[in-house]
1. R0 = 30 Å: FRET efficiency of residue 51 with residue 17, Cβ-based, nearest 0.05?
2. Report ³J(HN,Hα) in whole Hz for each residue of segment 43-51, in order, from the Karplus equation J = 6.51 cos²θ - 1.76 cosθ + 1.60 where θ = phi - 60°; Gly and Pro get x.
3. Quick one: what do you get for segment 13-71 if you divide its Cα Rg by 2.2 N^0.38 Å?
Amino acid sequence: MPPSSRTPSPTRPGDERTTDLIRWAAFSCVLVPVVLLLYGTSLAGAGGTALGLAAVTAVCRLLLRQSERGAAQPPAGEHTPPAHHRGRHQRTGTGSHRGGRHSGGNSPAG
C-alpha cells in the first residue's frame, strides 16, 4: 500500500479537521454559483449567492478558530476541587444510617 500523502499535524488533531472543513466550504463557495449559472440563474444571482456563502464561511471559520483557542486553554482562575472521598463505610443515600433522631417508626407516641 502506498504511504499516505497526508501526514498528521504535529500540533493538534482538530486543526487538520477544521482546515479540511474550511477547504470544503471554500470549494462549495465556488461550485454552487457555477452550478447555478449552468441551470440558468443570472450572473447577479450567482454572484450574490457566492458572496453570501463566502460571508457565512468566513464567520464559521472565525467561530471555529475561536472555539479551538477556548478549548485549548483552561479557564483563568478556576480549578476543580478534589472529589471528597467518603471511605468504605460512609455511604450516603437510600438506606444509609445518618444518626440523629428518626421520625416515625415503631416508637410510642407520648
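1. About 0.70, to the nearest 0.05.
2. So the Karplus estimates, Gly and Pro as x, are 5, 5, x, 5, x, x, 5, 4, 5 Hz.
3. Here the Cα radius of gyration is 1.34 times the empirical estimate.
Quick note: the coordinates plus some simple rules give every number you see, no bench work behind them. Every value quoted in this text rests on a predicted model; they were computed, and no experiment measured them. Glycine also receives a Cβ, built like all others from the backbone with ideal geometry; neighbour counts cover every protein chain displayed.
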